[in-house]
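Only one structure is covered here, and it is reproduced in the block below.
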Amino acid sequence: MEAKLWFILLCSVVALLLYVIGFWRRKAGEAAFAAAQLAENDEQRDGYCRLAVLAGNRNACRMFCLARPDFFEDRQPLKLFKSRGVKTVFYGHYYPSRYKELLNDKQRSFCQSLYEFKEGEAPGVEFFKMCLSALQLNDLSYHVMFIPCSTETKYFRRFRHLHEYIVTSRPELTSGLHDVDVFEERKSLHNAKGSENRVLERNYRITGNLEGKQVVIVDDVLTTGQSMADYKEEIERCGGKVVAAVFYGKTVTMPPLFLIKVHVWGSYIANLIGELAKSSDKKG
């Protein structure tokens, strides 16, 4: 009986210690995360964020992932890759609005510039020029087609500046802005629910002659690539050949938080081993 009481007492003490350790670990994580949010530069932000991740703070995990898409994203800005079989390039990483509080000033600024392009308040010429350069297309003539928006008004407002730029400044290109008739309103594709392979209801028809034309598709955001694949299918049904696609932004994908923690812990342990090895060499 006495042994049983001692066992219960020991378990209670261990449980209490684990609770206290967990409590102060959470508090340390919250403090480090707050420090990361208030950091004056990216280096400090990264350091505090890593400490918060080591302490298990979930928001810090998300912040770290968003701050270092080079660690967790296969696709990088202005680097060619294939999406749905199409040679593709994008200007920068886009972060959904639900992550706004976790972004740094540079990331917020980029997202704001993308919103301004979507609303037709910014021409988007710089992103278009940079992406075309990254595509490294040959000297053939290309026809630029813009992915239709949810309404005709949004479509013309968003892409009219690029249309004007192509018509006035790029003789090797032709604009397909008026090759599309958006005949009814539909829900925004970025807000639509469903799987990646959902069938999208088309609210447009292609009215221009695309026979034999080499087509470059342009849009604001690449997420699943489904809208691009749908548009490519319709263009090629009308006789065009889609050779490339450019996007202002690509939506960052959040991996499981466990993988983010593994990455940070792995870096921490590797650095610790490196420091111990250096210390050992100095003593030797």
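Taking only pairs that are 8 or more places apart or on different chains, how many Lys pairs in segment 194-263 have Cα atoms under 20 angstrom apart?
Value for segment 194-263: 4.
Expressed as an acute angle from 0 to 90° and rounded to the nearest 10, what is the orientation of the C-alpha long axis of helix 2-37 relative to the principal long axis of the chain?
In the chain, helix 2-37 runs at an angle near 40 degrees to the longest axis.
State, to one decimal in nm, how far the label point of Glu2 lies from the label point of Val167, with both points 7 Å from Cα in the Cβ direction.
For Glu2 paired with Val167, the spin-label model returns 9.9 nm.
Per-residue ellipticity at 222 nm for the chain, helices alone: DSSP H runs ≥ 4 residues times -39500 (n - 2.57), over residue total, nearest 500 deg cm²/dmol?
Mean residue ellipticity at 222 nm (helix-derived): -17000 deg cm²/dmol.
Using the beta-carbon distance between Glu275 and Asp74 and R0 = 25 Å, what value does 1/(1 + (r/R0)^6) give for FRET efficiency, to the nearest 0.05?
According to the calculation, E is roughly 0.20.
Just to verify a number: what accessible area does Val125 come out at with the full protein assembly present, 1.4 Å probe, Å² rounded to tens?
40
So what's the angle, to the nearest 10 degrees on a 0 to 90 scale, between helix 226-237 and the longest Cα principal axis of the chain?
The two axes meet at around 20 degrees.
Which net charge results when you count Lys and Arg as +1 and Asp and Glu as -1 among the other residues whose beta-carbon is under 14 Å from that of Leu54?
+4
On a full-extension model of 0.36 nm per residue, what is the gain between Lys82 and Trp265, subtracting their alpha-carbon distance, rounded to one decimal in nm?
This chain segment gains 62.7 nm when fully extended.
What is the calculated FRET efficiency for Thr253 to Cys11, with r their C-beta to C-beta distance and R₀ = 45 Å, to the nearest 0.05?
FRET efficiency, Thr253 to Cys11: 0.60.
With axes computed from alpha carbons, what is the tilt in degrees of helix 257-283 against the longest principal axis of the chain, rounded to the nearest 10 within 0 to 90?
With rounding to tens, the tilt is 60 degrees.
Once you put a point 7 Å from the Cα of Arg205 and another 7 Å from the Cα of Thr151, both along the Cβ direction, what distance in nm separates them?
Result for the modelled spin labels: 2.2 nm.
The values are calculated or read from the model by the stated rules, or taken from the named source; none is laboratory data. Fair warning: this is a prediction, and the values are worked out from it, not measured in the lab. Because the Cβ atoms are built from the backbone with ideal geometry, glycine has one as well, and the counts that use them run over all protein chains shown. Just so you know, the surface numbers come from the protein's heavy atoms only, side chains and all, with ligands and any DNA or RNA stripped out. Shrake-Rupley method; radii C 1.70, N 1.55, O 1.52, S 1.80 Å.
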